[in-house]
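Here the structure is laid out as structure tokens; the discussion comes afterwards.
The values are calculated or read from the model by the stated rules, or taken from the named source; none is laboratory data. Since this is a predicted model, take the numbers as computed values, not measurements. Cβ atoms come from the backbone with ideal geometry, glycine included; neighbour counts cover every protein chain shown. Calculation scope for accessible area: heavy atoms of the full protein, side chains included, ligands and nucleic acids excluded. Shrake-Rupley method; radii C 1.70, N 1.55, O 1.52, S 1.80 Å.
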Amino acid sequence: MKRIDFDAIVFREGQTFVAYCPELDVSSCGKGVDEARQNLRTAARLFLEEAERMGTLEQILEEGGYVLD
């Protein structure tokens, strides 16, 4: 799989930090900013791997504004 860059918006909800990727509409959380970002990377990777397995990866990336080669 190719490398895909994405934005991460991190915000706090109570004691938890939430990291959100608007291009993929994926989020995750952690006890700190770094943990939330790392968990988001993992969630995005798993999401994209599953989309590829299901045959919907190109559609998802196009909807997220990615330009495919």
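Can you run down the residue pairs with Cβ atoms below 6 Å, 6 or more apart or on separate chains, where the first is in region 3-20 and open to solvent by 80 Å² or more (accessible area, probe 1.4 Å) and the partner is among the aliphatic types (A, V, I, L, M)?
Pairs that qualify, where the first residue is open to solvent by 80 Å² or more (accessible area, probe 1.4 Å) and the partner is among the aliphatic types (A, V, I, L, M), are Phe11/Val18.
Could you check region 47-69 and list, in sequence order, the residues that are open to solvent by less than 90 Å² (accessible area, probe 1.4 Å) and either β-branched (Val, Ile, Thr) or in a helix (DSSP H, G or I) (or both)? Don't jump to the end; show me each part of the working.
Restricting attention to region 47-69, the residues satisfying the condition of being open to solvent by less than 90 Å² (accessible area, probe 1.4 Å) are 47-51, 55-57, 60-61, 64-66, 68.
Selection gives Phe47, Leu48, Glu49, Glu50, Ala51, Thr56, Leu57, Ile60, Leu61.
Quick grid of which residues meet (1) touching a helix residue (DSSP H, G or I) at 6+ places or on another chain (Cβ under 9 Å); (2) modelled with pLDDT of 95 or more; (3) among the small types (Gly, Ala, Ser):
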position	(1), (2), (3)
Ile9	no, yes, no
Gly14	no, yes, yes
Lys31	no, yes, no
Asp69	no, no, no
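Which residues, taken from region 46-69, are in contact (Cβ under 8 Å) with a residue 12 or more places away in the chain and either farther than 18 Å from Lys2 by Cα or of a type outside the set (Val, Ile, Thr) (or both)? Give the steps one after another, and end with the answer.
Quick first cut of region 46-69, residues in contact (Cβ under 8 Å) with a residue 12 or more places away in the chain only: 47-49, 52, 60-61, 64-66.
Residues satisfying the conditions are Phe47, Leu48, Glu49, Glu52, Leu61, Gly64, Gly65, Tyr66.
Ala44 versus (1) at pLDDT 95 or above; (2) exposed (fewer than 15 other Cβ atoms within 10 Å of the Cβ); (3) among the small types (Gly, Ala, Ser): which is the lone unmet condition?
Here Ala44 meets the rest and fails (2).
Restricting the search to region 21-32, which residues are of a type in the set (Asp, Glu) and either in a strand (DSSP E or B) or open to solvent by 80 Å² or more (accessible area, probe 1.4 Å) (or both)?
We begin by selecting, within region 21-32, every residue of a type in the set (Asp, Glu); these are 23, 25.
If the condition is that a residue be of a type in the set (Asp, Glu) and either in a strand (DSSP E or B) or open to solvent by 80 Å² or more (accessible area, probe 1.4 Å) (or both), then Asp25 is the only one that fits.
Given (1) under 12 Å from the mean Cα position of the chain (by Cα); (2) in contact (Cβ under 8 Å) with a residue 12 or more places away in the chain; (3) part of a helix (DSSP H, G or I), where does Glu35 come up short, assuming only one miss?
(1)
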